Amino acid sequence: MTDVLASAAQSVLSAQSVASSGPAALKRLDKTTACLPIVYGSVAYYLGKKADEFQTHLWTLHLRGPNNEDLSAAISKVVFQLHASFAQPTRELTAPPYEVTERGWGEFEAQIRIVWKDPLEKATVVGLTIYWNARWWLGGVL
């Protein structure tokens with residue numbers, strides 16, 4: 001599967017026998033659509049006895065292939081926009097793994113922006129909410 005994804009990404013990105021380089025050298029393939037499956041989301045864990053009033057959970061935001069395939073053949077960078085209260089709320093990653101792990105105490109909105117290697121493609125932006133269910137950290141009792 002990884003070889004298929006990398007091959008598809010390279011096919012879309014490749015210039016077709018053009019001597020020059022840069023955005024003008026890339027040619028689109030007529031009547032061709034490339035599909036690159038991507039999974040994004042978050043996971044949070046209660047810190048238990050290690051928790052304090054400002055750091056109750058360890059959480060991770062991630063973007064990856066469905067089976068952890070290397071997406072770097074098609075992705076130039078992934079930008080995670082966290083809540084403004086975080087040190088460095090904008091995290092820019094240019095190589096896998098595309099994930100950010102932090103500790104925190106509250107739920108917040110986040111944004112993931114995917115910048116493609118193909119300069120003719122617009123960046124893709126997805127939003128998500130980092131949250132945890134009260135049942136998880138209260139031991140299942142509300």
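The values are calculated or read from the model by the stated rules, or taken from the named source; none is laboratory data. Here the structure is a predicted model, which means the values were calculated and not measured. FYI the Cβ positions are ideal-geometry reconstructions off the backbone, even for glycines, and counts take in every protein chain you see.
C35 passes all but one of (1) modelled with pLDDT of 95 or more; (2) out of contact with any strand residue (DSSP E or B) (no Cβ under 8 Å at 6 or more places or on another chain); which number fails?
(1)
If S7 passes every condition in (1) hydroxyl-bearing (S, T, Y); (2) within 30 Å of E102 (Cβ to Cβ); (3) modelled with pLDDT under 90 but one, which one does it miss?
(2) is the only condition that S7 fails.
Would you be able to tell me the number of residues in segment 51-67 that are surrounded by fewer than 16 Cβ atoms within 10 Å (Cβ to Cβ) and either touching a strand residue (DSSP E or B) at 6+ places or on another chain (Cβ under 9 Å) or touching a residue at least 12 places away in the same chain (Cβ under 8 Å) (or both)?
7
Restrict the check to segment 69-91 and report whether at least one residue is assigned to a strand (DSSP E or B), touching an Asp or Glu at 6+ places or on another chain (Cβ under 9 Å), farther than 27 Å from L29 by Cβ and free of Cβ contacts under 8 Å to residues at least 24 places away in the same chain.
Taking every residue of segment 69-91 in turn, none turns out to be assigned to a strand (DSSP E or B), touching an Asp or Glu at 6+ places or on another chain (Cβ under 9 Å), farther than 27 Å from L29 by Cβ and free of Cβ contacts under 8 Å to residues at least 24 places away in the same chain.
Looking only at segment 78-123, which residues are under 13 Å from L63 (Cα atoms), surrounded by fewer than 15 Cβ atoms within 10 Å (Cβ to Cβ) and hydroxyl-bearing (S, T, Y)?
Within segment 78-123, T94, T101 meet the criteria.
Cβ-Cβ below 6 Å, separation at least six or inter-chain, first residue in segment 113-124 and among the aliphatic types (A, V, I, L, M), second surrounded by fewer than 16 Cβ atoms within 10 Å (Cβ to Cβ) and part of a loop (DSSP other than H, G, I, E, B): which pairs?
Pairs found: V115/A123.
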